[in-house]
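Student: Quick one: structure below, then a few questions.
Here, each number is a calculation from the coordinates, and none is a lab measurement. Because the structure is predicted, anything quoted here is derived from the model rather than measured. So basically every Cβ, Gly included, is an ideal-geometry build from the backbone, and we count neighbours across all protein chains shown.
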Protein chains: 2
Amino acid sequence: MPRHFGHIPGIVPGATFVDRRELREAGVHLPTQAGVSGSATEGADSIVLSGGYEDDDDQGSVIVYTGEGGRDPLSGRQVKHQQLVRGNLALAVSHRDGLPVRVTRGSRHTSAYSPETGYQYAGLYRVDDHWREEGKSGFFIWRFRLLSLESAFQPEVISAPSAAAVRREMVTVQRLVRDTAEARRIKALYGFRCQVCGEALQTSAGPYAEAAHIRPLGAPHHGPDHAGNLLCLCPNHHVLFDFGTWSIADDFGLIGLPGKLMVHPEHQIDPAQLAYHRARYFQP
Amino acid sequence: MPRHFGHIPGIVPGATFVDRRELREAGVHLPTQAGVSGSATEGADSIVLSGGYEDDDDQGSVIVYTGEGGRDPLSGRQVKHQQLVRGNLALAVSHRDGLPVRVTRGSRHTSAYSPETGYQYAGLYRVDDHWREEGKSGFFIWRFRLLSLESAFQPEVISAPSAAAVRREMVTVQRLVRDTAEARRIKALYGFRCQVCGEALQTSAGPYAEAAHIRPLGAPHHGPDHAGNLLCLCPNHHVLFDFGTWSIADDFGLIGLPGKLMVHPEHQIDPAQLAYHRARYFQP
């Protein structure tokens, strides 16, 4: 079964669970021990805040979550550096891909938002930052900043200062509110290489690319959210495509840039969407 | 006097004005005739929806605004193609730079959100898309999609915002505007060229670059919002910087990439912020 990203149908933020087993049976968080559910290839789909790490910082709509590993199993104390592997790498991949992460708080997690008993589903968050720092123990820990995607928490959102942040926020929101599966599939098909320049940006969370809609989603364009309307692009060529600096002919020749769009044999690009982009966005 | 972006102090969304002259005296929208206030170098700071264009589409929090020009002054009918110049270009620059635009509706503007008489300030919006299409007249028109930045108008928000929420929103918006000024200054200093690769992405709205914070804003980093904590980068190098693929030594030698950061003599980069990025983000 493919990993499920997003809400579990029928389970709304605020839902409570007696124990980890009930949480697992509901599908909210499948591992009964691990705090992170995920893999290095797919990303993390859910986490549980259960009070294990002294360095967690929970402000409700903004959570700074401490990664896993490096603890002595008996004392629970940090005795080694944490590595960017397993659950930590899965959360870094969720950051890279803008995936929604289900967050659940346990009663042993100390915060103003923790339930008195059992576990409480807090809804969807996105990882908007990850970094390494020296924890209270003196060893390196990985930290992940999670921002709530639930509207009730939105007013406190971290400032979005620049065109860059706004642009990436839009990219992220598009990925989140629509089905992310198609975008992920297209990016994987190209190995995260840009269809224009062939470059895949290398990060510690793996290669980075963006799924660009040829005809934009939302009113008044109502572009379809399927592979025929998607391109795999590096951020630079994505910005230039959205601003109409270049477009694509029906034979995939580039217009406004030299060369030809690289197209995978399994990627059926819809000519109607190309015509839409040429007519409305390309500026000779 | 520099063009003022953002709210006018003391004037909240919902404020009403008898006529364009009162709107001008309040500082909300300075031109008494033109629908767009702005310039091609600075961007647009405000618009008025006054019912002149048949193609406007106002859904409250999402407005598709039709550009100016190409109309017969007597009949008001579209008789020529619109060009990406003057007010239209100013709005495209606001899109490129992520600038907040004050929006005011007049009573002759036909929508569920228009006032019965005079003019009503609707608050801040951002331009998130612009394109050219054939209008109802058969001539090309420019269109701009505007999204509300006011929490009260966010469709997801169910209940009326509390005073605290409104205040937080105002603080966030003020911060957005302040951030924007510093980011614009740094980008202009470099002529929108990336400090790593020297490239400036060319769009019809002018060159595009992103202002990157060396130490991130917001909890738990609390990076300062001044030029010493900013870089001018292309989107590709911005993503790679945020993901720790490269960092910067105190002598501006690049770490993880060949070469040296280009630094303008008037740009005083703060070594403490570089040290923060190296320690937490760079991954050898």
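Student: Please identify, among B:LEU147, B:LEU74, B:LEU91, the residue showing maximal mean-square fluctuation in a Gaussian network model of chain B using a 10 angstrom Cα cutoff.
Tutor: B:LEU74
Student: Still on this structure: For region A:71-149 and region B:198-250, write down the distance between their C-alpha centroids in whole Å.
Tutor: Region A:71-149 and region B:198-250 have Cα centres separated by 26 Å.
Student: Counting other Cβ atoms within 10 Å of each Cβ, which GluC sites (Glu not before Pro) in region A:82-136 have at most 13 and sit in a DSSP loop?
Tutor: Answer by residue number: A:GLU116.
Student: Counting alpha carbon pairs within less than 8 Å and at least 6 residues apart, what relative contact order, in whole percent, applies to chain B?
Tutor: Over chain B, the number comes to 14 percent.
Student: How many nm is it between the label spots at A:GLN83 and B:LYS136, if each spot is 7 Å from the Cα in line with the beta carbon?
Tutor: The modelled label-to-label distance comes out at 6.6 nm.
Student: If a/c stays under 1.5 just call it rounded; otherwise compare a/b with b/c (prolate if a/b is bigger, oblate if not). Do that for region B:89-137, with a ≥ b ≥ c from the square roots of the Cα gyration tensor eigenvalues.
Tutor: Note, shape of region B:89-137 comes out oblate.
Student: Continuing with the same structure: In straight Cα distance, which lysines are under 25 Å from B:LYS136, not counting same-chain residues fewer than 8 positions off?
Tutor: Within reach: B:LYS80.
Student: On to the next question. Taking A:LYS260 as the anchor, which aspartates and glutamates have their alpha carbon closer than 17 Å to its alpha carbon, excluding any fewer than eight residues away along the same chain?
Tutor: A:GLU199, A:ASP250, A:ASP251, A:ASP270
Student: Another question about this same structure. Starting from the Cα gyration tensor of region A:46-106, take the square roots of the eigenvalues, sort them a ≥ b ≥ c, and report rounded, prolate or oblate (rounded when a/c is under 1.5, otherwise prolate if a/b is larger than b/c, else oblate).
Tutor: Oblate.
Student: Between beta-carbons, use under 15 Å as the cut-off and find the net charge around B:GLY244, counting Lys and Arg +1, Asp and Glu -1.
Tutor: Around B:GLY244, the surrounding residues sum to +3.
Student: Summing Lys, Arg as +1 and Asp, Glu as -1, what charge do residues with Cβ under 10 Å from the Cβ of A:GLY123 carry, A:GLY123 excluded?
Tutor: 0
Student: Hey, got a sec? Which trypsin sites (Lys or Arg not before Pro) in region B:178-284 land in a DSSP loop and have at most 13 other Cβ atoms within 10 Å?
Tutor: Sites meeting the loop and neighbour criteria: none at all.
Student: Averaged across B:197-210, how many Cβ atoms of other chains sit within 10 Å of each residue's Cβ atom?
Tutor: 4
Student: Something else now. Could you pull out the trypsin sites (Lys or Arg not before Pro) across region A:19-93 that fall in loop regions by DSSP (anything but H, G, I, E, B) with no more than 13 other Cβ atoms inside 10 Å?
Tutor: For trypsin sites (Lys or Arg not before Pro) across region A:19-93 that sit outside H, G, I, E and B with at most 13 neighbouring Cβ atoms in 10 Å, the list reads A:ARG77, A:LYS80.
Student: Let me ask something else about it. What does the charge count near B:ALA90 come to, summing +1 for each Lys or Arg and -1 for each Asp or Glu among other residues with Cβ under 9 Å from its Cβ?
Tutor: Taking every Cβ under 9 Å from that of B:ALA90, the sum is -1.
Student: Is the protein assembly as shown best put as rounded, prolate or oblate by its Cα gyration tensor, with a ≥ b ≥ c the root eigenvalues, rounded for a/c under 1.5, and otherwise prolate when a/b is larger than b/c, oblate when not?
Tutor: The shape class here is prolate.
Student: For chain B, what is the mean residue ellipticity at 222 nm derived from helices alone (per DSSP H run of n ≥ 4: -39500 (n - 2.57); sum divided by total residues; nearest 500 deg cm²/dmol)?
Tutor: -7000 deg cm²/dmol
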